[in-house]
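Enquirer: Got a structure for you, written out below as structure tokens; questions coming shortly.
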Amino acid sequence: MKKLFVKTYGCQMNAYDSARMADLLAPLGYGPSDTPDGADMVILNTCHIREKAAEKVYSEIGRLRTLKAQKAESGGQMLLAVAGCVAQAEGEEIVARAPAVDLVVGPQSYHRLPEMIARFARDGGHPLAADFPALEKFDALVETKETGISAFLTVQEGCDKFCTFCVVPYTRGPEHSRDPEAVLAEARHLVDLGARELVLLGQNVNAYDGGGWTLARLCEGLARIDGLERIRYTTSHPRDMSDDLIAAHRDNDKLMPYLHLPVQSGSDAVLEAMNRKHAADDYRRIIERLRAARPDMALTSDFIVGFPGESDADFEATMQLVRDVGFATAFSFKYSKRPGTPAAALRKQVAEDVKSARLEALQALLTRQQHEFDDSQIGRTLPVLFEKPGRDEGQLVGRTPYLQPVHVQMPAEMIGRIADIRIERRTANSLHGSPI
Ligand code: 5AD
Ligand code: SF4
């Protein structure tokens, strides 16, 4: 068995892709390894959304070069591949700058990995696959052989929204939805393998359009699969939060009362400059409608502070939106320039110390809300889906409908099953409880 080490950066979409690449390479004799030491193949599945993404990849390649040389000395060969969004954005550049890299493969081209490896073995050189051949890759993917209790399932990729701060439309290409029948087939397969929860993935997952099938209809189809207990989806855009999807949160019992709905800012001026194409009040109204459909809906979001031109009043509008909505958790970032995006060229960049102060204030508020939300579950009894053993002896970790991790003393047979758990206390980032 040859050893394959995949290092995954960034989003859940990348985690899904990494697992698919491993599936794809299994028939070629590659089995997973949890270290790059002595590996026959290393794939860096990169992310371009954070700052200095490319630089981090180059320094990782530098470290791997040593292991590659060691492998060569012992008469072996370590193939080094760069995949993901940095590969897409910087393909040619990587080939030129990092001779240790053997293969560069963009997110839409993973299905070509086996062919690229074969070609590499034959002729060497630097095959580069980084185009956007629609969703052909999904047709070519091989069946996965194992799954966790909660499994990712990509249903949509790409983005046409062009928020002015974001690289995704350039690295992941235009919006594309997978065929609903293919999604349902993959879902059934995952459930047969033991998955009890599916997390539907897409850069704009709620924009899903499978030839007349909306995301709500897809979830309805999925809910009919016996053995599947829970359905989640991420990431959504406020503009695509359609009536039928909101209604599905009322009508579809398997759809969890949890939504990640990035708003980025609470200021209309900033939202406009970001090209988000909705106002802060539109977001408030969506939340009201969601809570009318499903009163216990837990909300999470992404925020950017210090977008070019953001004034104190703009930032205060973001704080106000957070106070108005009340989030279960949230991610917040300082704006940072992404080369080639429109916002990077804006003149009124916000000073670094101002960004830091705003981020600190926002995160303090969001952390307080997270603790309040977690504390509000104490004393309640919640259905918890158990996923894996916990750190302590005899303990399992599961999740509430609101995605909070819960640690409970439970027999291992409960993995993959749901039990009613009385929530007793909260530690820093998780809850503890006992069966009733
Ligand atoms: N600067 C800061 N944060 C960003 N994000 C995307 N691009 C940038 C950027 N240039 C954040 C957004 C998005 C999340 C995945 O990453 O909040 O929702
Ligand atoms: Fe990026 Fe905006 Fe598309 Fe989300 S909707 S991926 S933030 S461009």
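Enquirer: What are the pairs with Cβ atoms under 6 angstrom where one residue, in the stretch 193-212, is in contact (Cβ under 8 Å) with a residue 40 or more places away in the chain and the other, located anywhere, is among the aromatic types (Phe, Trp, Tyr)? Sequence gap at least six, or different chains.
Expert: Val199/Phe152; Leu200/Tyr233; Leu201/Tyr16; Leu201/Phe152; Val205/Tyr233
Enquirer: Still on this structure: Quick one: Ser242 ticks every box in (1) within 16 Å of ligand 2 (Cβ to nearest atom); (2) in contact (Cβ under 8 Å) with a residue 40 or more places away in the chain; (3) surrounded by fewer than 17 Cβ atoms within 10 Å (Cβ to Cβ) except a single one, so which number is it?
Expert: With (1) within 16 Å of ligand 2 (Cβ to nearest atom); (2) in contact (Cβ under 8 Å) with a residue 40 or more places away in the chain; (3) surrounded by fewer than 17 Cβ atoms within 10 Å (Cβ to Cβ) applied to Ser242, the lone miss is (2).
Enquirer: Tell me which residues, restricted to the stretch 93-128, are assigned to a helix (DSSP H, G or I), at pLDDT 80 or above and not charged (D, E, K, R).
Expert: Result: Ile94, Val95, Ala96, Tyr110, His111, Leu113, Pro114, Met116, Ile117.
Enquirer: Identify, from the list Lys334, Lys348, the residue that is more than 29 Å from Leu218 (Cα to Cα), within 13 Å of ligand 1 (Cβ to nearest atom), out of contact with any Phe, Trp or Tyr (no Cβ under 9 Å at 6 or more places or on another chain) and outside the structural domain of Arg196 (by TED's automatic domain parsing).
Expert: Lys334
Enquirer: Go through Glu360, Glu424, Glu393, Glu372 for me and flag whichever is among the acidic types (Asp, Glu), at pLDDT below 95 and surrounded by fewer than 19 Cβ atoms within 10 Å (Cβ to Cβ). Lay out the reasoning, then the answer.
Expert: On the way: Glu360 fails: at pLDDT below 95; Glu424 fails: at pLDDT below 95; Glu372 fails: at pLDDT below 95.
The conditions single out Glu393.
Enquirer: Take the residues in the stretch 254-282 that are in contact (Cβ under 8 Å) with a residue 60 or more places away in the chain and among the polar types (S, T, N, Q); name whichever of them is surrounded by the fewest Cβ atoms within 10 Å (Cβ to Cβ).
Expert: The residue in question is Asn275.
Enquirer: Here's another thing I want to ask about it. Which number in (1) part of a loop (DSSP other than H, G, I, E, B); (2) over 28 Å from Phe303 (Cβ atoms); (3) of a type in the set (A, V, I, L, M) marks the one condition that Ile49 misses?
Expert: Answer for Ile49: the failing condition is (2).
Enquirer: Next question. Please give the number of the condition Gln70 fails out of (1) more than 22 Å from the chain's Cα centre (by Cα); (2) assigned to a strand (DSSP E or B); (3) among the polar types (S, T, N, Q).
Expert: Tallying (1) more than 22 Å from the chain's Cα centre (by Cα); (2) assigned to a strand (DSSP E or B); (3) among the polar types (S, T, N, Q), Gln70 fails exactly one: (2).
Enquirer: Restricting to the stretch 160-193, what's the tally of residues that are within 18 Å of Thr214 (Cα to Cα) and hydroxyl-bearing (Ser, Thr, Tyr)?
Expert: 1
Enquirer: Where residues in the stretch 162-186 are more than 11 Å from ligand 1 (Cβ to nearest atom) and assigned to a loop (DSSP other than H, G, I, E, B), which of them is farthest from the chain's Cα centre (by Cα)?
Expert: Among them, the one singled out is Asp179.
Enquirer: Oh, and also: Where the second residue is loosely packed, with under 13 Cβ neighbours inside 10 Å and among the aliphatic types (A, V, I, L, M) and the first is closer than 15 Å to Phe5 by Cβ and lies in the stretch 22-36, which pairs have Cβ atoms under 8 Å and are six or more apart or on separate chains?
Expert: The qualifying pairs are Gly29/Met1; Tyr30/Met1; Gly31/Met1.
Enquirer: Considering only residues of the stretch 195-247 that are assigned to a strand (DSSP E or B) and of a type in the set (A, V, I, L, M, F, W, C), which is nearest to ligand 1 (Cβ to nearest atom)?
Expert: Selected residue: Leu201.
Enquirer: A further question on this structure: Residues that are more than 16 Å from ligand 2 (Cβ to nearest atom) and closer than 27 Å to Gly433 by Cα, at least 1 per element: which helices (runs of 4 or more DSSP H) completely within the stretch 277-379 meet that?
Expert: Hits in the stretch 277-379: 280-293, 352-375.
Enquirer: Just name the residue that is farthest from Val86 (Cα to Cα) out of those in the stretch 181-198 that are crowded, with 20+ Cβ neighbours inside 10 Å and either in the same structural domain as Gln88 (by TED's automatic domain parsing) or touching a helix residue (DSSP H, G or I) at 6+ places or on another chain (Cβ under 7 Å) (or both).
Expert: Ala187
Enquirer: Among (1) more than 16 Å from ligand 1 (Cβ to nearest atom); (2) under 12 Å from Cys163 (Cα atoms); (3) outside any helix (DSSP H, G or I), which single condition is Glu272 missing?
Expert: (3)
The values are calculated or read from the model by the stated rules, or taken from the named source; none is laboratory data. Everything numeric here is computed off the predicted structure, so don't read it as measured data. Positions of Cβ are backbone-derived with ideal geometry, glycine not excepted, and every protein chain shown enters the neighbour counts.
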